[in-house]
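Derivation of every value follows stated rules applied to the coordinates shown; laboratory data play no part. No experiment lies behind these values; they were computed from the predicted model shown. Glycine also receives a Cβ, built like all others from the backbone with ideal geometry; neighbour counts cover every protein chain displayed.
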Amino acid sequence: MEVLPQAIVLFLTFFVMIIGLIFTVIPPIPGTVIIWAAAIGYGWLLGWDKLGWATFIIMTLLMVAGVVADFLGGQFGAKLGGASCLAIAVGTLCGLVLGLVTSLVGTPLLGLVGGLGGTLGGILLVERLRYGDWSSAMTATKGFLAGNIIGIMAKVTAGVLMFATFLARVYIWG
């Protein structure tokens, strides 16, 4: 039983999925979860037979892989660079606070920059205190940044594959 016409639901689903794809580039926002939620909404509004269990399972696995890769990328890079758990925790807290404050005072883009600056600055300062030199602190901070870039690439890849899976289901196997 369709609650809304399929064209409207499809348009809204695509719109939310595109927003999710854009958000896959932004580190703290789980864009893959947004894409997944849009597909769930599509299935809920038009009936699960329109989405299919295979599509739902594939999209769920890709969403989980994207979220896990995003989280572990930064942690792995930080550890590889020599950052301590304390530095990661302090950096995350600084990034969260500075990101929220700059978002409230400015724009979401300013919040993104503030959050990234707070995270990297927090890691850099804790590691400077720990190692006693700027070179080692920069190595740890660069490792965190490199790991996050890898995590973001994995999250973007998962998001694109999720969107492609949905499109294939709707237009090819629908």
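Before moving on, here are some points about what is shown:
- Cross-link reach list, lysines versus Lys142, counting only Cα pairs under 26 Å and skipping chain neighbours closer than eight places: Lys79, Lys155
- Cα centroid separation, region 11-54 to region 63-114 (Å): 24
- Taking the Cα centre of region 65-174 as reference, the dipole from Cβ charges on Lys and Arg (+1) and Asp and Glu (-1) amounts to some 120 debye.
- The orientation-averaged projection of the convex hull spanning the C-alpha atoms of the chain amounts to 10.8 square nanometres.
- Options Thr141, Ile35, Phe14, ranked by Cα towards positive dipole end of the chain, top entry (Cβ charges): Thr141
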